[in-house]
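**Q** Handing you this structure, nothing more for now.
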Amino acid sequence: MTPLQALEKAIEIAGNRSKLAEQIGIEKPQNVSNWVNRDKKASAKYVAKISEVTGVPCYELRPDIFPVPANEVDAQSTQSA
């Protein structure tokens, strides 16, 4: 899953971009739209909060910052075998 796909998944779980912005404490929903359209990933500043409110793991939202936990790596390698 790409960071953009993970962000879109979080938006879907929240309901829409405005609802996600509200749930993570952002006053301007346009910021979430900018992440999708311009940045193609969530802002590092809000990854933990997005994960908290949607259940989408931090390592899916920003794999460049949050490494995949060892137990997830093991589970993924077992599934692909």
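Just so it is clear, none of the values below were taken in a lab; they were calculated from the coordinates. Here the structure is a predicted model, which is why all the values come from computation and not from measurement. Using ideal geometry, Cβ is built from the backbone for each residue, glycine included, and neighbour counts are taken over all protein chains shown.
**Q** Compare the Cα positions of P29, S43, I13 along the charge dipole of the chain (+1 at Cβ of Lys, Arg; -1 at Cβ of Asp, Glu; about the Cα centre) and return the one farthest towards the positive end.
**A** Of the options given, the answer is P29.
**Q** Additional query: Kindly write out, for the stretch 13-28 in residue order, the coupling ³J(HN,Hα) from the Karplus curve 6.51 cos²θ - 1.76 cosθ + 1.60 (θ = phi - 60°), rounded to whole Hz, with x marking Gly and Pro.
**A** Here the 3J(HN,Hα) series is 4, 5, x, 5, 5, 5, 5, 4, 4, 4, 5, 9, x, 9, 6, 10 Hz.
**Q** Could you work out which residue, out of R38, R62, R17, moves most in a Gaussian network model of the chain, that is, has the largest mean-square fluctuation with Cα springs under 10 Å?
**A** R38
**Q** Considering just Cα atoms, how many Å³ per residue does the convex hull of the chain enclose?
**A** Details: hull volume 6.9 nm³, N = 81.
Given the Cα convex hull of the chain, per-residue volume reads 86 Å³.
**Q** Taking the Cα centre of the chain as the origin, how large is its charge dipole in debye, to the nearest 20, when only Lys and Arg (+1) and Asp and Glu (-1) carry charge on their Cβ atoms?
**A** Details: 10 positive and 10 negative charges, 72 e Å.
Roughly 340 debye, rounded to the nearest 20.
**Q** Hey, another quick one. Hey, got a sec? Which GluC sites (Glu not before Pro) in the stretch 1-59 land in a DSSP loop and have at most 14 other Cβ atoms within 10 Å?
**A** Working: sites: E8, E12, E22, E27, E52; in loops: E27.
When the GluC sites (Glu not before Pro) of the stretch 1-59 are filtered for loop state and at most 14 Cβ neighbours within 10 Å, E27 remain.
**Q** Which whole number in µm²/s is D for the stretch 7-49 by Stokes-Einstein, with the Kirkwood Rh taken over Cα pairs at 25 °C and 0.890 mPa s? Mind dumping the intermediate values first?
**A** Numbers: Rh = 10.0 Å.
This corresponds to a translational diffusion coefficient of 245 µm²/s.
**Q** May I ask you to derive the relative contact order of the chain, considering only C-alpha pairs under 8 Å and at least 6 residues apart, and to give it as an integer percent? Don't jump to the answer; show the numbers that get you there.
**A** Values: 80 pairs, mean separation 25.7, N = 81.
The normalised contact order for the chain reaches 32 percent.
**Q** Can you find, among P69, L4, P57, the residue farthest towards the positive end of the dipole of the stretch 3-80? Put +1 on the C-beta of Lys and Arg, -1 on that of Asp and Glu.
**A** Projecting each Cα onto the dipole axis, the largest value belongs to L4.
**Q** For a paramagnetic label modelled at 7 Å from the Cα of D64 toward its Cβ, which residues of the stretch 1-39 fall within the zone defined by backbone nitrogen distances under 14 Å?
**A** Of the residues in the stretch 1-39, 2-5, 35-36, 38-39 have backbone N under 14 Å from the label point off D64.
**Q** How far, in degrees from 0 to 90, does helix 70-80 lean away from the longest principal axis of the Cα atoms of the chain, to the nearest 10?
**A** The two axes meet at around 70 degrees.
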